[in-house]
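J.: I have a structure I would like to understand better, so I am pasting it below and will then ask my questions one at a time.
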Amino acid sequence: MISTARYWFYIGLIVLVYIIGMFVTLFENDSAQFAVMAMRMVQENDFLSLFKGTEEYLDKPHMHYWLAAISYKIFGIHDWAYRIPGILSTLLGAYSCYGLGKLLYNKDVGRFASLIFMTAQTMVLANIDVRTDAVLTGFTIFSIWQLVSYIEKSSLKSIALGAFGAGIAFSTKGQIALVVIGISILCHLIYTRKWQQLFNWKVLVAILVFGVTIAPMLYAYYHQFDLHPEKVIRGKDNRSGIFFIFWEQSFERMSGEGVGKNSSDFFFFFHTFLWVFLPWTVLALIGYWTKLKAFWETKFAYRPDLEFLTVGGISILFLLISFAQFKLPHYMNILMPLYTILSAAFLYMLHQKEKLKMAKVILGIQYFILGLVVVFTILVSFYVFKLEHWYNYLLLLMALGLVMYFIVQKEAPYTKIVTVAIFSSVLLNGLMNAHFYPKLLEYQGGSTMAEQVKENNIPVDRIYKISERYSWSLDFYNKKPVQITSLSEIANKNDVWVYVTDKELEQLRKNGIVWDEQITVDQFRITRLQTKFLNPNTRAGKLNKMHLVQLD
């Protein structure tokens, strides 16, 4: 449906957007926090222990931090180095979507799947605001692809690679990886009825490979927690890291115990999906309904031209995560590969069965989405954060011209759907990575203050804070966590700098503490955008301040 040259052109554009995003300042809280945790591994030469500030960290396992630490070792401690493992994992995920789409359907579906995966909004965000999900998602779909390949071809190499991928995914975020892999493979086995593949000596090899892969993570947990039952973690002593990762972790997330409850809304992920899978949401929803209808009409009898892995996996897993008491939008990322293959297969079906009327309806919706993106682009560039230089306007004009050139080309509606959707994603996220995020992050107090620390040659080992309030971006860009002290202790220190909020600055004043110099920067919780902040006329009223003061 699309030529090889066009396919690789699209891949190149998408990768360019990813590369631009590599150099964006790290976001608080999670990205900067995880980057600091990996940084401490390197600086303290301790790769077995995880710390979140002063607290021992028993939540997610070690793999994400190890990969970031390896990147730091190779390239140095930089924000772009922190993002490299996530981007490479996403590329692995895209290749795996291609491989699984090709295996279950054909090469065209594989190509569409890889493009959809890389341009789904939540996956682009996962490589800017980098948490554990990029690595988790990439290795989870890699494992599913290889295990399905084993089921279909009985290849020892495939089952070994599938077990390795499952081990890396499990070592990144725990049980959720095995749940997604297991349910997806189970759905495939139920439909194809190839149960004999489970009773094969090669399965023992897979168990061995999985065990060896997760062994470093288990040893690290054992070293940090099991050997020290006296440690109190979240109000409990005798915490076993191994028991936690094999049993307690997902139940805590489902019940909200330990991590807290933030949403009892059963439909949270339903309305979240509407934006996280943009610009492909409508394609996925219609594709899902069409697939369910096909299975209902055939009474789930096996047909070689159908597969149950995607629709079955999505249905069961979506239902499971909807019952969780702790929910965040990026928890859906691990399901994105299944949606991409489902959507790609539906798009190919539109072409194969020449469903021209439906294709035109979907294309109309894609044009509407592109129109919204163009309006947003102009609004950001000329109002929210105005472009500052003539060459910025030239680049914007060239980008809009490129989009227009490809949009006006005559193509079949099925192919045009891909063209319009990809350019919607590239235009939006190219603008976000190159302009919107850099301007937005000027209002992130910690990273902005770190620039002031560097410009004024302030010794980072002389910077303190008088609360346990996290300062991740300042910690990372100073390459040293801010030291914690108290009001009584800080009064006895000379020639030190204190990093404080407005309220804490007032506390210093009330306690008779005086200072010589004061550096003040704007502060806004940039991951929680508000209309009044985006409006430059009302922005000042939504800003707080962060201060760095030098005591006498």
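The values are calculated or read from the model by the stated rules, or taken from the named source; none is laboratory data. Remember, it's a predicted structure, so these values are computed and weren't measured experimentally. Cβ: placed from backbone, ideal geometry, glycine included. Neighbour counts: every protein chain shown.
J.: Check 74, 84 and return the single one that is closer than 28 Å to residue 221 by Cβ, of a type in the set (A, V, I, L, M, F, W, C) and without any contact (Cβ under 8 Å) to a residue 24 or more places away in the chain.
T.: On the way: 84 fails: without any contact (Cβ under 8 Å) to a residue 24 or more places away in the chain.
None of the other options fit; the residue is 74.
J.: So, in segment 362-407, of the ones that are modelled with pLDDT under 90 and under 30 Å from residue 290 (Cβ atoms), which residue ends up surrounded by the fewest Cβ atoms within 10 Å (Cβ to Cβ)?
T.: 407
J.: Here's a follow-up. Conditions first: (1) touching a Pro at 6+ places or on another chain (Cβ under 9 Å); (2) of a type in the set (S, T, N, Q); (3) farther than 30 Å from residue 525 by Cα. Residue 419 passes all but one, so which condition is the exception?
T.: All conditions are met except number (1).
J.: Would you list the helices (runs of 4 or more DSSP H) that sit entirely within segment 453-552 and hold 2 or more residues that are farther than 28 Å from residue 328 by Cα, without any contact (Cβ under 8 Å) to a residue 60 or more places away in the chain and not hydroxyl-bearing (Ser, Thr, Tyr)? Give the steps one after another, and end with the answer.
T.: Numbers: elements: 472-478, 487-490, 502-510, 531-534.
By residue number, 487-490, 502-510.
J.: Something else about it: In this structure, is residue 184 in a helix (DSSP H, G or I) and either crowded, with 23+ Cβ neighbours inside 10 Å or in the same structural domain as residue 477 (by TED's automatic domain parsing) (or both)?
T.: Working: in a helix (DSSP H, G or I): yes; either crowded, with 23+ Cβ neighbours inside 10 Å or in the same structural domain as residue 477 (by TED's automatic domain parsing) (or both): yes.
Yes.
J.: So which residues in segment 318-331 are outside any helix (DSSP H, G or I) and in contact with a Phe, Trp or Tyr (Cβ under 6 Å, 6 or more places away or on another chain), if there are any at all? So that I can check it myself, show each step before the final result.
T.: Of segment 318-331, the ones outside any helix (DSSP H, G or I) are 323-328.
If the condition is that a residue be outside any helix (DSSP H, G or I) and in contact with a Phe, Trp or Tyr (Cβ under 6 Å, 6 or more places away or on another chain), then 327 is the only one that fits.
J.: Could you list all residues from segment 363-394 that are in contact (Cβ under 8 Å) with a residue 24 or more places away in the chain, over 19 Å from residue 119 (Cα atoms) and not in a loop (DSSP other than H, G, I, E, B)?
T.: Answer for segment 363-394, where residues must be in contact (Cβ under 8 Å) with a residue 24 or more places away in the chain, over 19 Å from residue 119 (Cα atoms) and not in a loop (DSSP other than H, G, I, E, B): 380, 381, 383, 384, 392.
J.: Name every residue in segment 395-408 that is touching a residue at least 24 places away in the same chain (Cβ under 8 Å) and either small (Gly, Ala, Ser) or assigned by TED's automatic domain parsing to the domain that holds residue 539 (or both), in order of residue number.
T.: Listed by number, the list holds a single entry, 399.
J.: Right, something else. Looking at segment 96-105 only, could you name the residues that are more than 15 Å from residue 350 (Cβ to Cβ) and either in a loop (DSSP other than H, G, I, E, B) or free of Cβ contacts under 8 Å to residues at least 24 places away in the same chain (or both)?
T.: Of everything in segment 96-105, those that are more than 15 Å from residue 350 (Cβ to Cβ) and either in a loop (DSSP other than H, G, I, E, B) or free of Cβ contacts under 8 Å to residues at least 24 places away in the same chain (or both) turn out to be 98, 102.
J.: So, of the residues in segment 106-122 that are among the aliphatic types (A, V, I, L, M) and in a helix (DSSP H, G or I), which turns out to be farthest from residue 30 (Cα to Cα)?
T.: Filtering segment 106-122 for residues among the aliphatic types (A, V, I, L, M) gives 109, 113, 115-116, 118, 120.
With the extra rule that they be in a helix (DSSP H, G or I), the set shrinks to 109, 113, 115-116, 118.
Details: 109: 35, 113: 29, 115: 27, 116: 26, 118: 22 Å.
Only one residue tops the list, namely 109.
J.: Quick one: residue 58 ticks every box in (1) under 27 Å from residue 337 (Cβ atoms); (2) buried (at least 23 other Cβ atoms within 10 Å of the Cβ) except a single one, so which number is it?
T.: Unmet for residue 58, out of (1) under 27 Å from residue 337 (Cβ atoms); (2) buried (at least 23 other Cβ atoms within 10 Å of the Cβ): (1).
J.: If you don't mind, another one. Select from segment 204-227 the residues that are without any contact (Cβ under 8 Å) to a residue 40 or more places away in the chain and surrounded by 14 or more Cβ atoms within 10 Å (Cβ to Cβ) and write down the one among them that is farthest from the chain's Cα centre (by Cα).
T.: Once the filter is applied, the top-ranked residue is 226.
J.: Here's a follow-up. Can you find even one residue in segment 1-13 that is under 20 Å from residue 136 (Cα atoms) and either touching a residue at least 60 places away in the same chain (Cβ under 8 Å) or not assigned by TED's automatic domain parsing to the domain that holds residue 418 (or both)? Explain how you work it out, then say what you get.
T.: Taking segment 1-13 as the starting set, the residues that turn out to be under 20 Å from residue 136 (Cα atoms) are none.
No, segment 1-13 contains no residue that is under 20 Å from residue 136 (Cα atoms) and either touching a residue at least 60 places away in the same chain (Cβ under 8 Å) or not assigned by TED's automatic domain parsing to the domain that holds residue 418 (or both).
J.: Something else now. Out of the residues in segment 350-404 that are among the β-branched types (Val, Ile, Thr) and farther than 24 Å from residue 539 by Cα, state the one that is nearest to the chain's Cα centre (by Cα). Don't jump to the end; show me each part of the working.
T.: Applying the first criterion (among the β-branched types (Val, Ile, Thr)) to segment 350-404 yields 361-362, 365, 369, 373-375, 377-378, 380, 384, 403.
Now restrict to residues that are farther than 24 Å from residue 539 by Cα: 361-362, 365, 369, 403.
Numbers: 361: 31, 362: 27, 365: 26, 369: 23, 403: 27 Å.
Of everything passing the filter in segment 350-404, 369 is nearest to the chain's Cα centre (by Cα).
J.: Select, from 15, 36, the only residue that is modelled with pLDDT of 95 or more and under 30 Å from residue 223 (Cβ atoms).
T.: Exactly one of 15, 36 is modelled with pLDDT of 95 or more and under 30 Å from residue 223 (Cβ atoms), namely 36.
J.: While we're looking at this one, here's another question. Among the candidates 411, 442, single out the residue that is out of contact with any Asp or Glu (no Cβ under 8 Å at 6 or more places or on another chain), among the acidic types (Asp, Glu) and farther than 18 Å from residue 125 by Cβ. Steps first, answer last, please.
T.: Working: 442 fails: out of contact with any Asp or Glu (no Cβ under 8 Å at 6 or more places or on another chain).
None of the other options fit; the residue is 411.
J.: If we keep just the residues of segment 301-341 that are touching a Lys or Arg at 6+ places or on another chain (Cβ under 8 Å) and not aliphatic (A, V, I, L, M), which is surrounded by the most Cβ atoms within 10 Å (Cβ to Cβ)?
T.: 310
Table: residues versus (1) in a loop (DSSP other than H, G, I, E, B); (2) not hydroxyl-bearing (Ser, Thr, Tyr).
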| residue | (1), (2) |
| --- | --- |
| 288 | no, no |
| 295 | no, yes |
| 304 | yes, yes |
| 310 | no, no |
| 316 | no, yes |
| 333 | no, yes |
| 336 | no, yes |
| 344 | no, yes |
| 347 | no, yes |
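J.: Kindly provide the set of residues from segment 3-52 that are in a loop (DSSP other than H, G, I, E, B) and surrounded by fewer than 19 Cβ atoms within 10 Å (Cβ to Cβ), ordered by number. First the steps, then the outcome.
T.: Initial filter on segment 3-52 (in a loop (DSSP other than H, G, I, E, B)): 3, 23-29, 45-50.
Answer for segment 3-52, where residues must be in a loop (DSSP other than H, G, I, E, B) and surrounded by fewer than 19 Cβ atoms within 10 Å (Cβ to Cβ): 3, 23, 29, 45, 46, 47, 48, 49.
J.: Pick from 460, 453, 418: which is farther than 23 Å from residue 387 by Cβ and surrounded by fewer than 19 Cβ atoms within 10 Å (Cβ to Cβ)?
T.: Details: 453 fails: surrounded by fewer than 19 Cβ atoms within 10 Å (Cβ to Cβ); 418 fails: surrounded by fewer than 19 Cβ atoms within 10 Å (Cβ to Cβ).
Just one listed residue meets the conditions, 460.
J.: Assuming residue 77 fulfils every condition listed in (1) within 15 Å of residue 35 (Cβ to Cβ); (2) part of a helix (DSSP H, G or I); (3) not polar (S, T, N, Q) apart from one, which condition is it?
T.: (2)
J.: Kindly indicate the residue of segment 123-161 that is among the hydrophobic types (A, V, I, L, M, F, W, C) and assigned to a loop (DSSP other than H, G, I, E, B) and also nearest to residue 21 (Cα to Cα) among those meeting that condition. If you could, list the steps in order and put the result at the bottom.
T.: First, the residues of segment 123-161 that are among the hydrophobic types (A, V, I, L, M, F, W, C): 123-126, 128, 130, 134-136, 139, 141-142, 144-145, 147-148, 151, 156, 159-161.
Checking the rest, the ones that are also assigned to a loop (DSSP other than H, G, I, E, B) come to 128, 130.
Numbers: 128: 6, 130: 11 Å.
Only one residue tops the list, namely 128.
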